[in-house]
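The values are calculated or read from the model by the stated rules, or taken from the named source; none is laboratory data. In this text, all values refer to a predicted model and were calculated from it rather than measured experimentally. Note: ideal-geometry Cβ built from the backbone for every residue, glycine included; neighbour counts use all protein chains shown.
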Amino acid sequence: MSDIRLQVKNVTKHFGINRALNNISFNINKGEVQALIGENGSGKSTLTNMLTGIYQLESGEFILDGQNIHPKNQVMANNQGVSIIVQELGTLSGLTVAENIFLGHEDRFIHFGIRNTVAMNNEANRLLKDYGFTHIKAQELVDNYNFEDRKLIEIVKATYFKPKILVIDETTTALSQEGREELYKHMNRIREEGNTVIFISHDLPEILDKSDTITVLRDGEYITTVKSRDVNEDDLKKLMVGREVTGKYYRSDYGSKISDEVVLSVKNVTVKGKIHDVSFDLHKGEILGFGGLSESGMHEVGKAIFGASYDREGEVVLANGTHINDIPTAIANSIAYTSKDRDNESVVLNQSIEDNIALPSLDNLTIGKTKFLSFSKIKEFAKKFAKEMSVKMVNTQQFVSELSGGNKQKVVLARWIGKDSNIVVLDSPTRGIDIKVKQDIYQLMDKMRQEGKSIIMISEELMELIGMCDRIIILKDGALKGELARSEDLDENSLISMMV
């Protein structure tokens, strides 16, 4: 009996004139975790989206256990034994947790044309309990849960029926360490049952630790498949980029004094049920980090600073005395913010790259002293900053919805680099970003710091907090737990001991 679970044969895909995949062929075996890696825009998500029915197969074949499959949608893919946990939100607002888990499979609970909602909720609650997600209730609307909890719901949705192939597309970057450990547990279970995981991640240590084999794509081309035990991080970087990746990664300076000049003060900020009595100062030219577990409240801090928490109490005050209570005031006073929930809060998916990059800067892209927009200025502005962030695109007229997750993030960052904001709040800035662009973002942050701009970086990636920040504030249960200064001796355990 063959060990091959899936044959990918001569798969090609175009988006307009842009070729996303070019005649890709390789095999995936039973009972293994096979990682799929490559730079942003290399074709990873395009390939797996076709396999799982999100995109339509243009040409080529997917052969699963000897049978040709061509799913037209995710429900059909599920019925053929293939499921996916997508990079962004994969749950539908307006539906309950149970309705999301059993979406497309509601017929299990329909008798004589009537849906047995009680039975559906009971089954969903049983699954949630089995998975250890007892804080999530089947009968509640999915909208009542935060980004990470909705990803946990997706784990249940994608795995409860024991698919032959589970695709995990950049999911770990959306999860805290506890959520990641839960996902790893289910990956191992799937492998032990003789089924297969296709694992997409830009975290190379995670790839090496959690996968059995690694397939590399570059610019829509298949490069190679290697055994994880036979390669190291540098080998993978070279295969992904096509050359050695050199130069600085994190900051190399230590012992620099933080400026005494305070540019922003947060005073006794409370958001009911999320953060309580949070106070701190942000200094000129400082990178201030925030870390914590998923429910620590650190993501709410970013929203509160940007005026996006409408039930906020307390004060966010600039050095000139301006109070930031809403988003227009924040933008008008040179504050930028990128959300962890990129698709819903940071980009307009069904608008062009040009529109997204130019949006916060429209006041500066007018004709002369008039208020009329200059479309030539908008076009040149978008081209300039899309190029600066190396966005892989057909042109700036392309819709953001057509971009890979990493390239969407580049558009978000291009928008605020173009705005030239003095205070930048970055929530999970490198989520879904490949190794080379991460390096570019870190160097850009360091350059901004040296120019006197102030950055707040909220991250679940402990090493980037340690590597980039002048100070790190740890939150626990919505309150400030402690503060750590930049030091060569600082390690992940120092942060974790404060978080738990």
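Taking ASN395 as meeting all but one of (1) within 16 Å of HIS202 (Cβ to Cβ); (2) surrounded by fewer than 17 Cβ atoms within 10 Å (Cβ to Cβ), write down the number of the exception.
ASN395 satisfies all of (1) within 16 Å of HIS202 (Cβ to Cβ); (2) surrounded by fewer than 17 Cβ atoms within 10 Å (Cβ to Cβ) except (1).
What pairs come out if I take residues in the stretch 480-494 that are of a type in the set (Gly, Ala, Ser) and pair them with residues that are surrounded by 12 or more Cβ atoms within 10 Å (Cβ to Cβ) and assigned to a helix (DSSP H, G or I) whose C-beta lies under 9 Å away, six or more apart or interchain?
Qualifying pairs under 9 Å: GLY482/MET498; SER487/ILE466; SER487/SER494; SER494/ILE466.
Taking the stretch 173-200, which residues are more than 21 Å from VAL11 (Cβ to Cβ), outside any helix (DSSP H, G or I) and under 16 Å from the mean Cα position of the chain (by Cα)?
Here is the first cut: in the stretch 173-200, the residues more than 21 Å from VAL11 (Cβ to Cβ) are 173-195.
The next check asks that each one be outside any helix (DSSP H, G or I); those that pass are 175-176, 193-195.
Correct list: LEU175, SER176.
Answer yes or no: is there a residue in the stretch 288-303 that is in the same structural domain as VAL347 (by TED's automatic domain parsing), farther than 24 Å from VAL347 by Cα and aliphatic (A, V, I, L, M).
Yes.
Identify all residues within the stretch 82-128 that are at pLDDT 95 or above and of a type in the set (Lys, Arg); write none if there are none.
ARG126
Give me a count of the residues in the stretch 60-116 that are in contact (Cβ under 8 Å) with a residue 24 or more places away in the chain and in a strand (DSSP E or B).
The number of residues fulfilling the criteria is 10.
Within the stretch 382-402, which residues are more than 12 Å from ASN356 (Cα to Cα), in contact with a helix residue (DSSP H, G or I) (Cβ under 7 Å, 6 or more places away or on another chain) and not in a helix (DSSP H, G or I)?
Correct list: MET389, SER390, VAL391, LYS392, MET393.
Inside the stretch 424-449, can you point out the residues that are assigned to a helix (DSSP H, G or I) and under 20 Å from ILE331 (Cα atoms)? I'd like the intermediate steps shown before the answer.
If we filter the stretch 424-449 for residues that are assigned to a helix (DSSP H, G or I), which is where we start, we get 435-449.
Passing the criteria: MET445, MET448, ARG449.
Can you find a residue that is within 25 Å of the chain's Cα centre (by Cα) and either of a type outside the set (A, V, I, L, M) or not assigned by TED's automatic domain parsing to the domain that holds GLY406 (or both) anywhere in the stretch 104-125?
Of the stretch 104-125, the ones within 25 Å of the chain's Cα centre (by Cα) are none.
No, the conditions are met nowhere in the stretch 104-125.
Taking interchain pairs and intrachain pairs at least six residues apart, which have beta carbon atoms under 9 angstrom, with the first residue in the stretch 178-199 and closer than 20 Å to SER45 by Cβ and the second among the charged types (D, E, K, R) and in a helix (DSSP H, G or I)?
ARG180/GLU206; LEU183/LYS151; MET187/LYS210; VAL197/ARG191; VAL197/LYS210; PHE199/GLU206; PHE199/LYS210
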